[in-house]
Amino acid sequence: MTEATRLFAERGFDATSVEAVLDAAGVSRGSLYHHFKSKEALFEAVLDAAEVRIGEATLLAAVGAGDDPVDVLRAGALEWIRLAGDPVVQRIVLIDAPAVLGWERWREIEEDNALGNLRAAMQAVVDDGRLDAGLVDPFAHMLLAAVNELALLVARAEDTATAQRQAEVAVDELLTRLLPKRSGS
């Protein structure tokens, strides 16, 4: 799957043939099709692996952010924006996945991988007394949409570094205004 990931990231789904994956991986067609019923199934497995890596990285960043739940939320969101500059994430997760799998399937995968973590982060904000409990789900969806849209902006930018800096400032500003510091902090 490593070679398929590399090829999909470098060339994109459409320009990556099954033959190129077979040659790069040094496997037979039968072996590939034993594990994956189609090129799309291989792509989805590559996407799933990328999503796991993204989830681990954002969770690690969030855990290292301290005890303020908004800082934890911010760290995870900023890590996602940083990862949007990674060519694998850009091409596979943000550009090709919605086109190859369809927007609805891509959204399901994003929800499966990120929404639960956002809900948990929002619940911590509720537990900290900074958000009404009834807003956990709407805020989690809203933040997922916002950070995904910023990640798409980064992925499609001609100047990735500038787009990342702007997106990081936007995430920080959004969270600062949406969920202000604790009273007395």
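All of the numbers you see were taken from the coordinates with simple rules; none came from a lab. Please read these numbers as outputs of a predicted model, since none were measured by experiment. Please note: Cβ atoms are built from the backbone with ideal geometry, for glycine as well, and neighbour counts cover all protein chains shown.
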Please state which of the following conditions Arg53 fails to meet, knowing it meets all the rest: (1) in contact (Cβ under 8 Å) with a residue 40 or more places away in the chain; (2) under 11 Å from the mean Cα position of the chain (by Cα).
(1)
Among helices (runs of 4 or more DSSP H) lying entirely in region 64-176, which contain 1 or more residues that are among the basic types (Lys, Arg) and either in contact (Cβ under 8 Å) with a residue 40 or more places away in the chain or surrounded by 14 or more Cβ atoms within 10 Å (Cβ to Cβ) (or both)?
69-83, 103-110, 116-127, 136-156
Residues of region 1-16 being assigned to a helix (DSSP H, G or I) and either surrounded by 12 or more Cβ atoms within 10 Å (Cβ to Cβ) or among the basic types (Lys, Arg) (or both), which ones?
Glu3, Ala4, Thr5, Arg6, Leu7, Phe8, Ala9, Glu10, Arg11
Region 17-54 - residue that is part of a helix (DSSP H, G or I) and among the basic types (Lys, Arg) and, of those, surrounded by the fewest Cβ atoms within 10 Å (Cβ to Cβ)
Arg29
